[in-house]
């Protein structure tokens, strides 16, 4: 099923917000939803850089979540971390990775849809 470009972009932005929210970057900005946060905490002035900045923050948050999971696993191996902390950190990292993959797939699909538009 293909979606109109506007709906695909909205779903992509919602997925990117979930990636940022799962990694804690959106929570640091105090945002509770994409509409109130301006898609990740910045104002929506229609500038070309706002979407790319949001994607940059989401990618950085996903990477940070992976680093936290690695650090939790390393601390558990050394004996100073708890199994609960490791399990929750790895689960967050897995969810973040799955969301990032879904986001990538939607962006590729949107690009392919655009390329198939007859001019």
Any hit, region 86-96, residues being closer than 24 Å to residue 55 by Cβ, under 13 Å from the mean Cα position of the chain (by Cα), free of Cβ contacts under 8 Å to residues at least 12 places away in the same chain and part of a helix (DSSP H, G or I): yes
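For region 49-72, which residues satisfy the criterion of being free of Cβ contacts under 8 Å to residues at least 24 places away in the same chain and surrounded by fewer than 17 Cβ atoms within 10 Å (Cβ to Cβ)?
Scanning region 49-72 gives 49, 50, 52, 53, 56, 63, 67, 70, 71.
Read-outs: derived from the displayed coordinates by stated rules, not from any lab. Just so it is clear, the structure is predicted and the values come from calculations on it, not from any experiment. FYI the Cβ positions are ideal-geometry reconstructions off the backbone, even for glycines, and counts take in every protein chain you see.
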